[in-house]
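The values are calculated or read from the model by the stated rules, or taken from the named source; none is laboratory data. Since the model is a prediction, treat every value here as computed from it, not as a measurement. Methodologically, a virtual Cβ is constructed for each residue, glycine included, from the backbone with ideal geometry; neighbour enumeration extends over all protein chains shown. Note: accessible area is taken over every heavy atom of the protein model, side chains too, but ligands, DNA and RNA are not part of it. Shrake-Rupley method; radii C 1.70, N 1.55, O 1.52, S 1.80 Å.
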Amino acid sequence: MFDKISETAEFLASRYDGTPEIGMITGTGLGSLTGKMTVNCRFPYSEIPNFPVSTAAGHRGTLVFGELSGRRIIAMEGRFHGYEGYSPQEITFPVRVMAMLGIKYLFISSATGGLNPQFEKGDLMIVTDHINLTGANPLVGPNLDDLGPRFPDMVHGYDRNLISLARNKALASGIAIRQGVYVGVLGPSLETPAETRFLRTIGGDAVGMSTVHEVIAGIHSGLKILVIVVITNMNLPDCMEGTTEQEVIAVAQKASPMLAGLWEKIIAQLP
Ligand code: HPA
């Protein structure tokens, strides 16, 4: 695995000058986050050695190198999900590569179902913590000591300073930002009412089918992490409405410009 990560990082480094500082992963319907970047180069995943290929709807499947607010960024347009059949190691392979290329920050967005009854469709939520219910972990197997520790500490995984920065920038922009706990599930079936009640009872504010493995690999790699998700549908056990992939994509796309503006302001203020 280490050799594959090195091979891919060398391939990309030989085609792009300069050390990127920030890695960004944008999810379902949120591809427009890269619209604000000055793009230096774009690689389809299919042309990058060892990269998995993205199949989910609303995901483009390109790796973009560029700049935003004067900072160097690598952005993944489209990510890999467990429900597509990828292993946790495949899902997190790009995070490992970006870490090897030198990023210090990992910024993630995704679509989620709201579990907190105070939330509304279209809201943005800063993730303060997570519960991994996918039944898997990308760090299972021999530890790659060159990448990180065997038992990474998860207490300070979601960077407190970045959370404050995000909250302040959202409030200054008039965005009613939410904060809460992300529950990661495998999917692809959406939650039953009983599962929704359970996820709320154990402390979840939003539920989604991505993010947690990328965060775990990012923490293992020593990256500073900030996650802001879109609530694309409400998941309330006593008045379940049901949702569709089309609704999730449509609500995410509608929130995408606001989210992109917020990311831009956060990046402009990074220390
Ligand atoms: N559940 C799980 N994942 C999701 C949802 C949901 O309701 N909405 C968007 N991603």
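Within the stretch 80-107, how many residues are assigned to a helix (DSSP H, G or I), closer than 18 Å to residue 17 by Cα and open to solvent by 10 Å² or more (accessible area, probe 1.4 Å)?
Start the filter on the stretch 80-107 by keeping residues that are assigned to a helix (DSSP H, G or I), which leaves 82-84, 88-101.
With the extra rule that they be closer than 18 Å to residue 17 by Cα, the set shrinks to 97-101.
Adding the requirement that they be open to solvent by 10 Å² or more (accessible area, probe 1.4 Å) leaves 99-101.
Residues in the stretch 80-107 being assigned to a helix (DSSP H, G or I), closer than 18 Å to residue 17 by Cα and open to solvent by 10 Å² or more (accessible area, probe 1.4 Å): 3 in total.
Can you pull out every residue in the stretch 219-248 that is in a strand (DSSP E or B) and not polar (S, T, N, Q)?
Once the filter is applied, which keeps residues that are in a strand (DSSP E or B) and not polar (S, T, N, Q), the stretch 219-248 yields 224, 225, 226, 227, 228, 229, 230, 231, 234.
Would you tally the residues in the stretch 137-161 being β-branched (Val, Ile, Thr) and in contact (Cβ under 8 Å) with a residue 24 or more places away in the chain?
Qualifying residue count, the stretch 137-161: 1.
Would you be able to say whether some residue in the stretch 239-248 is within 17 Å of residue 178 (Cβ to Cβ) and either at pLDDT below 90 or near the ligand (Cβ under 10 Å from one of its atoms) (or both)?
No, every residue in the stretch 239-248 fails to be within 17 Å of residue 178 (Cβ to Cβ) and either at pLDDT below 90 or near the ligand (Cβ under 10 Å from one of its atoms) (or both).
If the requirement is being out of contact with any strand residue (DSSP E or B) (no Cβ under 9 Å at 6 or more places or on another chain), within 16 Å of the ligand (Cβ to nearest atom) and β-branched (Val, Ile, Thr), which of these qualifies: 91, 108?
Only one candidate passes the filter, namely 91.
Give the residues of the stretch 28-61 that are closer than 13 Å to residue 94 by Cβ, buried (at least 19 other Cβ atoms within 10 Å of the Cβ) and at pLDDT below 90, sorted by residue number.
Answer for the stretch 28-61, where residues must be closer than 13 Å to residue 94 by Cβ, buried (at least 19 other Cβ atoms within 10 Å of the Cβ) and at pLDDT below 90: 52, 54, 59, 61.
Quick check on the stretch 1-52: of everything there that is in a loop (DSSP other than H, G, I, E, B) and within 16 Å of the ligand (Cβ to nearest atom), which residue is farthest from residue 108 (Cα to Cα)?
Going through the qualifying residues, I end up with 29.
Those residues that are buried (at least 19 other Cβ atoms within 10 Å of the Cβ), among the hydrophobic types (A, V, I, L, M, F, W, C) and in a helix (DSSP H, G or I), I need them from the stretch 167-218; list them, please.
170, 199, 212, 215, 216, 217
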